[in-house]
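**Q** Have a look at this one.
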Amino acid sequence: MELNELYRDVILDHNRHPRNFGPLDPADASVEGFNPMCGDRLTLRLRISDDSISDIRFEGQGCAISTASASLMTEAVKGKSRAEAMQLFERVHRLLTDDAAVSEELGKLAALSGVREYPARVKCASLCWHTLSSALQASGSHIAPVSTE
Amino acid sequence: MEFFKRLDRDAVHAHESALLDYATRQLAGIPGLQIVGTAPEKAGLVSFTVAGVHPHDLGTVLDEHGVAVRTGHHCAMPVMDYFKIPATARASFSLYNTFEEIDRLAAGIEEARKLFG
C-alpha cells in the first residue's frame with residue numbers, strides 16, 4: 001500500500017483548503033462529533049428548507065483524513081434532500097469498510113476509498129458522516145453529540 | 001527478568017541518554033517542529049508536534065518508513081489542554097534502538113512536512 005493511495009491529491013487539497021469551513025448562523029441543526037480515542041472534534045451546522053440541505057458548514061480540528069472527509073461531504077450533500085444525503089452516507093460507509101464496494105458515481109468522494117486499507121483511520125473519515133446522519137435523523141432541536149466510541 | 005538482570009544497567013542508561021541527546025538535536029533542527037517536555041532528567045523519549053501536520057497523519061507516514069511512534073493525547077488530555085495542542089507524536093528509545101533509526105525518524109518527518117505542506 002502506497003501512501004499516495006491514502007493521501008490522494010484531492011484529500012491533500014481539501015485538508016489544506018477545507019470547503020464550507022466556518023460558522024453558520026442561524027442554523028436549523030447543529031451537531032457535535034467527537035472521536036475520544038484520537039481527539040478529533042467537529043461541529044456540523046445545517047440549514048434545511050423544503051426537506052433539503054440548503055446550506056452546510058463545519059468547524060473543528062482533526063487530521064487530514066477527517067478534515068478532507070468533512071470538506072468533501074459538505075460539497076457533496078449541499079442541495080441534496082434528506083433521503084439522498086442518507087443514501088450517500090450509506091454508500092460512503094460501505095466504501096470505507098467493504099473491499100467489494102464500488103466507487104462509481106461517487107465523484108470526488110471516491111478518493112476516500114484508500115482509507116479502508118488503514119483500519120485505524122476509518123473512524124477519521126467516518127466521523128463527519130455519522131454526525132451528518134445524526135443531524136438528519138433527529139426530530140427535535142436538541143441533538144446529542146455523536147461519539148465514535 | 002533473567003534477561004534484564006544480565007544487562008549492564010549503566011550501559012543501557014548511557015545508550016538511551018545518547019539516543020535521546022541525538023534525537024533531540026536532530027529533531028530540533030526541523031522547521032516547525034516543537035518538542036513538548038524538556039525536563040533535564042527525563043526518560044528516553046521525545047514528544048513533539050509539527051506545524052501543519054496532524055500527529056495521526058505523521059504517525060501513518062512514519063509507519064510507512066518502518067518507524068513506530070505513538071500518536072494522540074496519550075490519555076493526558078489536561079496536559080494537552082495546558083499546551084493548547086490536540087495531540088502529539090511520541091518516539092521512545094530503548095536499548096535496542098539505533099542512531100540510524102533516529103535518522104529514519106527525522107527523514108520521515110521531513111517527508112510528512114513535504115506531503116502536507
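The values are calculated or read from the model by the stated rules, or taken from the named source; none is laboratory data. Computed from a prediction, not measured in an experiment: that's the story for all the values here. Backbone-built Cβ (ideal geometry, glycine too); neighbour counts: all protein chains shown.
**Q** In a strand (DSSP E or B) and among the β-branched types (Val, Ile, Thr) - does that describe any residue in the range B:13-34?
**A** No; the residues of the range B:13-34 include none that is in a strand (DSSP E or B) and among the β-branched types (Val, Ile, Thr).
**Q** How about the range B:70-82: which of its residues are out of contact with any Pro (no Cβ under 8 Å at 6 or more places or on another chain), within 12 Å of chain A (Cβ to nearest Cβ) and modelled with pLDDT under 95? Break it down stepwise before answering.
**A** Restricting attention to the range B:70-82, the residues satisfying the condition of being out of contact with any Pro (no Cβ under 8 Å at 6 or more places or on another chain) are B:70, B:74-79, B:81-82.
Restricting the remaining residues to those that are within 12 Å of chain A (Cβ to nearest Cβ) gives B:70, B:74-77, B:81.
Answer for the range B:70-82, where residues must be out of contact with any Pro (no Cβ under 8 Å at 6 or more places or on another chain), within 12 Å of chain A (Cβ to nearest Cβ) and modelled with pLDDT under 95: B:His74, B:Cys75, B:Ala76, B:Met77, B:Asp81.
**Q** A further question follows. Provide a single number: the residues in the range A:28-59 that are free of Cβ contacts under 8 Å to residues at least 24 places away in the same chain, away from every other protein chain (no Cβ under 13 Å) and not charged (D, E, K, R).
**A** Looking only at that region, the number is 2.
**Q** Same structure again: Can you say whether B:Val67 is β-branched (Val, Ile, Thr), part of a strand (DSSP E or B) and more than 10 Å from chain A (Cβ to nearest Cβ), as far as the supplied structure shows?
**A** When the stated conditions are applied, B:Val67 does not pass them.
**Q** List pairs: first residue in the range B:93-104 and within 13 Å of B:Ala14 (Cβ to Cβ) and in contact (Cβ under 8 Å) with a residue 24 or more places away in the chain, second residue in a helix (DSSP H, G or I) and among the small types (Gly, Ala, Ser) anywhere in the structure, Cβ distance under 7 angstrom, at least six positions apart or on different chains.
**A** B:Phe93/B:Ala23
**Q** Continuing with the same structure: For the range B:80-100, how many residues are more than 14 Å from B:Ile35 (Cα to Cα), out of contact with any Phe, Trp or Tyr (no Cβ under 7 Å at 6 or more places or on another chain), surrounded by fewer than 17 Cβ atoms within 10 Å (Cβ to Cβ) and not polar (S, T, N, Q)?
**A** 5
For (1) within 27 Å of B:Ala18 (Cα to Cα); (2) within 12 Å of chain A (Cβ to nearest Cβ), each residue gets a yes or a no:
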residue	(1), (2)
B:Lys84	no, yes
B:Thr88	yes, yes
B:Asp103	yes, no
B:Ala107	yes, no
B:Glu110	yes, no
B:Arg113	yes, no
